[in-house]
1. Could you list, in sequence order, all residues of the stretch 60-82 that are outside any loop (DSSP other than H, G, I, E, B) and touching a Leu at 6+ places or on another chain (Cβ under 7 Å)?
2. Return the total of residues in the stretch 1-20 being assigned to a strand (DSSP E or B) and either touching a Phe, Trp or Tyr at 6+ places or on another chain (Cβ under 8 Å) or over 19 Å from Glu86 (Cβ atoms) (or both).
3. Can you go through Val17, Val35, Val8, Val26 and tell me which one is surrounded by fewer than 17 Cβ atoms within 10 Å (Cβ to Cβ), modelled with pLDDT of 95 or more and of a type in the set (A, V, I, L, M)?
4. Out of Val99, Val85, I need the residue that is in a loop (DSSP other than H, G, I, E, B) and crowded, with 19+ Cβ neighbours inside 10 Å. Which one?
5. For the stretch 46-82: of the residues being under 14 Å from Val29 (Cα atoms), acidic (Asp, Glu) and out of contact with any Phe, Trp or Tyr (no Cβ under 9 Å at 6 or more places or on another chain), which is surrounded by the most Cβ atoms within 10 Å (Cβ to Cβ)?
Amino acid sequence: MVHDVAAVSDLPEGTGVTVFVEGQPVLLVRVGDRVFATEGLCSHEEQPLEGGSLIGPTEWLCPHHGGALDLATGRPTRMPVCSSVETFPVRLEGGRVLVVMD
């Protein structure tokens, strides 16, 4: 199912914004002309990923314990994050961010 979750203009470059899709937190991060969408909670202790920072082209630093993950794949890149988070396909249409979730 496709969900219209935000305006692209509401997403500051390199900053994480949490939206809720069907009650589930989803982190949106705009990097250039791309927007990434992942689960909104870190796989390590299920803390919110919002408030973290972009530390590489697609690498997101969790704000709580210093772990990191790849926004494109959801895979961990730095401990203590040790398991992947789900990622969701994103489409940009008419200035809107559309997240595809099953």
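The values are calculated or read from the model by the stated rules, or taken from the named source; none is laboratory data. These figures come from a predicted structure and were not determined experimentally. Backbone-built Cβ (ideal geometry, glycine too); neighbour counts: all protein chains shown.
1. If the condition is that a residue be outside any loop (DSSP other than H, G, I, E, B) and touching a Leu at 6+ places or on another chain (Cβ under 7 Å), then Trp60, Ala68, Pro76, Thr77 are the ones that fit.
2. 4
3. It is Val8.
4. After ruling out the rest, the residue left standing is Val85.
5. Glu50
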